[in-house]
1. Which of the residues spanning region A:31-68 are of a type in the set (Gly, Ala, Ser) and modelled with pLDDT of 85 or more?
2. All but one of (1) out of contact with any helix residue (DSSP H, G or I) (no Cβ under 9 Å at 6 or more places or on another chain); (2) surrounded by 20 or more Cβ atoms within 10 Å (Cβ to Cβ) hold for B:ALA106; state the number of the condition that does not hold.
3. Which fully enclosed helices (runs of 4 or more DSSP H) of region B:76-195 have 2 or more residues being out of contact with any strand residue (DSSP E or B) (no Cβ under 9 Å at 6 or more places or on another chain), closer than 30 Å to B:PRO223 by Cα and more than 12 Å from every other protein chain (Cβ to nearest Cβ)?
4. Within region B:243-250, can one find any residue that is in a helix (DSSP H, G or I), more than 9 Å from chain A (Cβ to nearest Cβ) and within 30 Å of B:ASP138 (Cβ to Cβ)?
5. Being exposed (fewer than 15 other Cβ atoms within 10 Å of the Cβ) and either more than 19 Å from A:LEU120 (Cβ to Cβ) or at pLDDT below 90 (or both) is true for just one of B:PHE46, B:PHE54. Which residue is that?
6. Considering only region A:42-66, state which residues are open to solvent by less than 60 Å² (accessible area, probe 1.4 Å), more than 11 Å from every other protein chain (Cβ to nearest Cβ) and assigned to a loop (DSSP other than H, G, I, E, B).
7. Looking at A:ARG230, A:ARG168 in this structure, which one is within 12 Å of chain B (Cβ to nearest Cβ) and surrounded by 20 or more Cβ atoms within 10 Å (Cβ to Cβ)?
8. Name the pairs whose Cβ atoms lie under 7 Å apart, with the first residue in region A:96-109 and of a type outside the set (A, V, I, L, M, F, W, C), the second not in a helix (DSSP H, G or I), and 6 or more positions between them or separate chains?
Amino acid sequence: MNLVATRRRPQGWSILRYLALGALCLAWIYPFLWLVSASLKTPIEIFAKGLNLLPDTPVWENYVRAWGQAGFSTYMLNTVIVTVGTVAVVVFHTALTGYVLGRYDFVGRKLVIGILAATLVVPAGLTIIPIVDLVSALGLLNGHWGIILALAGSGQSAAILLYAGYFRGLPRELEEAATMDGAGFLRIFFNVMMPLAGPVTATVTVLTFLAAWNAFLIPLVFTFGTPGLRTLPVGMLAFVGTNETDWSGMAAAATISLLPVIVFFFFVQRYFVEGIAGAVKA
Amino acid sequence: MHQNVLRGAPLAKRMWADRWIYLFLLPTLVLVGAFTIYPVIASIWFSLLDWNGFERAGAFIGLGNYCELIADPLFWNAFKNTIVFLLLAVPLRVGIALVLAIVLNAHFPLVRVFRTAIFLPVVTTAAIVGVVMRYVLDPTGGPLNIALLNSGLLGQPLNFLGTAGLALYSAVGIWVWKWLGITLIYWLAALQTIPRDLYEAAALDGANAWDRFASITLPLLTPFTIIITLITVIEATNVFDLMLTLTGGGPFYATEVIDIFVYRQAFTSNVPRLGYASAAAIFFGLSFIVLASLQLIVLRKVRARRSH
């Protein structure tokens, strides 16, 4: 009797739950479906068809226009260079710092941790003017390096914490055995420790990849004078600034810009979710 | 952790023995020094200057920028917009995500699909979402207005982003939509720390779903609530990407938050005002810290009184 009652109640609730969740998820992904649909229609079709997402015949020409004339091939290349560069610099410097903070006691350790913790709360709006001033004084405003270094140098305390926590947990015997074999500080790090830190490197790579790909303020103000260095979001803003009425061109350009991160996310979902969930548990 | 073998030795000798450690710290210290610590200090100095950025250095004017700020209605407008945005967007995002997390913290078919769908906007570029949403919310051809008109919910289209009284609320809605998935993951992680046998024991004692929520889930989530709210508040002061591309601060400064005010003064006005922009950023940063500390003190007092 009791069993039947408990089994029956969840069923009505279950249908309601599916309906509510289904509607919610549709609202969440509809803008992306609309975007892809609009990118394959002519501008007139977008207005005429209302909510009907299927184009009569896919207009691939929109993509050709966005990729070529509108310059999104250049923006894509710039974004890839900036993202790969930022990931490389971030993994390099946060792994080194995380390693020594996690495994060694030294004079000034607390000071370094204090500085890194304090940088967590610094808002981006506060630092942008001196950053532009500094990078311009260093003569780095006319290349990708300025953007890469500025992105890699701000807000990386979380990655350092991830590495420090992981390296702290590795057994001490690893170094002792390596030292017996005659390995020095550098060789222990690069040949023993770094290969073991693969999972953390994966998480840091994924988080940094998304942050760099989606970065906006720094690429925007760094490329005021150099349109050839614009990244995808900066190029997007410039495109709709001059082609406001080109709905299908906008949709194709936005699809080109968003597709790589969305595909990337589906492949590495696990690392990403673990990374942010771990941050809150810590 | 490795202790230095020369613990009692003179400082210089110990530091020399640890030279590899300092070498390892060097890249981070250089980068953080150049792109976070130096900029904070430089901002304080810049805020005391009258500087248009064309000249190499500005003229020192003491607290002149701050005096001007206090009398600038557009600064207070931006200040107010930031606070209104915070007060609306943070509870919405944290609250809706909690409800969703409780529903999705179970095993049933498609649960992973639902979680992934809610999470999808999080990974997309905020600045591009801002541009796209201008079109989605467009009064003449945007799908949202078409859907609302077709369903009879609206008699005539709403200009979500072009109406001064509505634009800030539309921005709040889009921001919550964009970032809800990340808060959902935080809450799911928090819910998974609650042992299941607590619920089973309560169910045996005859507690209904609401009792279980109020006397087990909520109290055990309190520490997470504070952290998640804090993270969300910090993120809610950082809406530059979305706001600049969505509305650019308009119409008539109705959505101009502090970040946009600073950006406009520093980079897009005819004569850049780097000193004035820095002063605005610092003034808001300091008031924000003061407000946050006050809030924490009040919270602690209330809780201390309750436990008595």
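1. Correct list: A:SER37, A:ALA38, A:SER39, A:ALA66, A:GLY68.
2. (2)
3. The qualifying helices (runs of 4 or more DSSP H) are B:164-191.
4. yes
5. It is B:PHE54.
6. Passing the criteria: A:THR42, A:PRO55, A:VAL59.
7. The match here is A:ARG230.
8. Once the first residue is of a type outside the set (A, V, I, L, M, F, W, C) and sits in region A:96-109, its partners that are not in a helix (DSSP H, G or I) give A:ARG103/B:MET1; A:ARG103/B:HIS2; A:TYR104/B:MET1; A:TYR104/B:HIS2; A:ASP105/B:MET1; A:ASP105/B:HIS2; A:ASP105/B:GLN3; A:ASP105/B:ASN4.
The values are calculated or read from the model by the stated rules, or taken from the named source; none is laboratory data. Everything numeric here is computed off the predicted structure, so don't read it as measured data. As a convention, Cβ positions derive from the backbone with ideal geometry for all residues, glycine included, and neighbour counts pool all protein chains shown. Remember, those area values only see protein heavy atoms, side chains included, never the ligands or the DNA or RNA. Shrake-Rupley method; radii C 1.70, N 1.55, O 1.52, S 1.80 Å.
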